[in-house]
């Protein structure tokens, strides 16, 4: 008998007759049930707790200028790698002649650079951003750059995990999920040496959210 | 539980026979004791602060217990559903009865793609299987990428804690290890500060991620309805392992399944809070199948190895509740034994209370009899468990089995046998206990016994025994004094 049949056979023989524990209903904590302005306020607070940077902008057209300003504060970072999402390509990059943009997304191009991507959602429950893979979004953009800027529209903020799943499913065609759903809670970190938190383990040292109205 | 000589019997190598000796060394190790303090006080406090902010935490634990019980009662059905969804998404599922079979499958998958290097993210199941030496024998170079696992891999040690594998080491020890290991990459300057050590590991491992032919990860959860694996990390190394190499293999136990994404949300709310008191881990990721045609990156193949290795034997036994475990480490951090002697003393990948139940099931009680006995039965482990596993009870079951099978030392067996005989005879028991009290009082100086005779002398070697006062319990009870 092959391993699959043997394991499944054993599990079937051990299956309890009848009295299986039911698990109807669902349970959501209050922290995952905020709506409206309260939800946005909680997102701000939780994202800050995760050490994310946050710029609040009223118009999409302010995004390039704000990125230039933040990069200027960090120091020299002459090139910004911009992900293929259409809403990013249409931003007024000509307004910031000092900031060169690149569309290169291969592993060597993304290694250690500054990059901008859009996202699928963000969760007010934890302050995390949700990035999903598709033709316009390489998963590596959330991991290889040193500085990751994420464009988030206020309407993309959801209350909690339940909203994340809904957003992820829609992006993957209702039932199925895209290959990668990455729920990113701030810069990469490790506490593996003497339990001291050090930022910038394997992923970005900085995650900066550009929160735009609408 | 499994008949001997079964070629598919569970396998896990342990050195738990040496628990007492290891524990003695651990207690004398000042560096280690410092590290243990972090778990005992720091992690426990973080957890308490974290969960105090979620008033529904207790109800969520009840629900998590019920969801896991439901899954265990229907495990085969959920595994079949999961398999079907993985295949529909273009992935493959492999089944392994035990460690040898799992290693053989993973070795074959690596050989098929002519793999020279493998990058791994932390997986306790692959530690259980001893996968790395198996792949190395095949001539494959294996790099652990979780910083803690990477450090202990370089030092050829076993993980100290399922969540913090290298927390028993000082930064000086890590510095020495890196200095020696990184010369081959042309890094000849010795770095000593924590930030610099993290940076150096990042630089060295970044190249390994980019070059590796295969990425191997575990899976914290398997989602039946979507055929996804869920990975939880703080460093982002699991995501790089699952994204950059051309081939991704996920290795995990058959018990890790949850029915739906909604259920997954429940466990993602419990795991980081129980481990470190955090609202969320840095990276919670779902991976479903290989790279889609239009995706700009991702692996070409997606293989999942489902490992039994003793788990199906636990199902339906008195140890079934243990299969609910989500490996948060809260029971280790709360345990007075773990936080006194540390993980290495257990001689098993799985340590602390969860390890004391899990290890005998996989390695056999003959090799791991010491572990269920390494408990004060204080109940803290059960109190903090997010899926409400009755750990002290399960340890007690192992003790009973061990006693039945005569694996306990003769002295202990003789003593317990004598106690049982005398306890069944009330008049004799009263006489013996009241005499014992009088003898102890006669031996005492100022109320303390400095040295007991015979094998009881072991007890007074390190401490004194308080001589009993005011007669035995029954004598006092009969006099009507209940204070």
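Per the listing B:90, B:139, the residue uniquely more than 12 Å from every other protein chain (Cβ to nearest Cβ), outside any helix (DSSP H, G or I) and either at positive phi or crowded, with 23+ Cβ neighbours inside 10 Å (or both) is B:139. Among the residues of the stretch A:86-101, is any within 23 Å of the chain's Cα centre (by Cα), in contact (Cβ under 8 Å) with a residue 60 or more places away in the chain and within 28 Å of residue B:281 (Cβ to Cβ)? Scanning the stretch A:86-101, I find at least one residue that is within 23 Å of the chain's Cα centre (by Cα), in contact (Cβ under 8 Å) with a residue 60 or more places away in the chain and within 28 Å of residue B:281 (Cβ to Cβ), so the answer is yes. Which count do you get for residues in the stretch B:100-115 that are assigned to a helix (DSSP H, G or I) and out of contact with any strand residue (DSSP E or B) (no Cβ under 7 Å at 6 or more places or on another chain)? Final tally of qualifying residues: 8.
Of the residues contained in the stretch B:162-176, one or more are found to be crowded, with 18+ Cβ neighbours inside 10 Å, in a helix (DSSP H, G or I) and in the same structural domain as residue B:243 (by TED's automatic domain parsing). If we keep just the residues of the stretch B:5-22 that are surrounded by fewer than 19 Cβ atoms within 10 Å (Cβ to Cβ) and under 16 Å from the mean Cα position of the chain (by Cα), which is nearest to residue B:309 (Cα to Cα)? Looking at residues that are surrounded by fewer than 19 Cβ atoms within 10 Å (Cβ to Cβ) and under 16 Å from the mean Cα position of the chain (by Cα), I get B:13. Checked against the criterion of being over 27 Å from residue A:41 (Cβ atoms), within 8 Å of another protein chain (Cβ to nearest Cβ) and in contact with a helix residue (DSSP H, G or I) (Cβ under 8 Å, 6 or more places away or on another chain), the candidates A:95, A:108, A:84 yield just one match: A:108.
The sole residue among B:171, B:210, B:190 that is at the interface with chain A (Cβ under 10 Å from one of its Cβ atoms) and farther than 30 Å from residue B:274 by Cβ is B:210. Number of residues in the stretch A:164-197 that are in a helix (DSSP H, G or I) and under 13 Å from residue A:129 (Cβ atoms) equals 3. When we screen B:317, B:351, B:274 for residues that are over 30 Å from residue A:110 (Cα atoms), buried (at least 24 other Cβ atoms within 10 Å of the Cβ) and not assigned by TED's automatic domain parsing to the domain that holds residue B:98, the only hit is B:351.
Check whether at least one residue in the stretch B:70-86 is more than 10 Å from chain A (Cβ to nearest Cβ) and surrounded by fewer than 19 Cβ atoms within 10 Å (Cβ to Cβ), and report yes or no. Yes. Within the stretch B:11-33, at least one residue is touching a residue at least 12 places away in the same chain (Cβ under 8 Å), within 12 Å of chain A (Cβ to nearest Cβ) and assigned to a helix (DSSP H, G or I).
The criterion of being in a strand (DSSP E or B), under 13 Å from the mean Cα position of the chain (by Cα) and farther than 30 Å from residue B:207 by Cβ does not hold for residue A:116.
Among the residues of the stretch B:41-48, some residue qualifies, meaning at least one is free of Cβ contacts under 8 Å to residues at least 40 places away in the same chain, surrounded by fewer than 19 Cβ atoms within 10 Å (Cβ to Cβ), farther than 27 Å from residue B:368 by Cα and in contact with a helix residue (DSSP H, G or I) (Cβ under 9 Å, 6 or more places away or on another chain).
Of the residues contained in the stretch B:88-109, none is found to be touching a residue at least 12 places away in the same chain (Cβ under 8 Å), within 18 Å of the chain's Cα centre (by Cα) and under 25 Å from residue B:43 (Cβ atoms). Pairs meeting the criteria (first residue in the stretch A:40-65 and in contact (Cβ under 8 Å) with a residue 40 or more places away in the chain, second residue exposed (fewer than 15 other Cβ atoms within 10 Å of the Cβ) and not in a helix (DSSP H, G or I), beta carbons under 6 Å, at least 6 apart or on different chains) are A:58/A:213. Is it true that residue B:127 is outside any strand (DSSP E or B) and touching a strand residue (DSSP E or B) at 6+ places or on another chain (Cβ under 9 Å)? So residue B:127 does not fit the description; no.
Quick grid of which residues meet (1) within 7 Å of chain B (Cβ to nearest Cβ); (2) at pLDDT below 95; (3) not in a loop (DSSP other than H, G, I, E, B):
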| site | (1), (2), (3) |
| --- | --- |
| A:7 | yes, no, yes |
| A:13 | no, yes, yes |
| A:17 | no, yes, no |
| A:20 | yes, yes, no |
| A:27 | yes, yes, no |
| A:39 | no, no, yes |
| A:43 | no, no, yes |
| A:48 | no, no, yes |
| A:54 | no, no, yes |
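Of the residues A:214, A:142, A:186, the single one that is at positive phi and either out of contact with any strand residue (DSSP E or B) (no Cβ under 9 Å at 6 or more places or on another chain) or facing another protein chain (nearest Cβ under 8 Å) (or both) is A:186.
Is there a residue in the stretch B:15-32 that is closer than 30 Å to residue A:31 by Cβ and at pLDDT below 95?
Checking the stretch B:15-32: not a single residue is closer than 30 Å to residue A:31 by Cβ and at pLDDT below 95.
Against the list (1) facing another protein chain (nearest Cβ under 8 Å); (2) without any contact (Cβ under 8 Å) to a residue 60 or more places away in the chain, the condition residue B:335 fails is (1).
The values are calculated or read from the model by the stated rules, or taken from the named source; none is laboratory data. All values derive from a computational prediction rather than experimental measurement. Every residue, glycine as well, gets a Cβ built from its backbone with ideal geometry; the counts of neighbours run over all protein chains shown.
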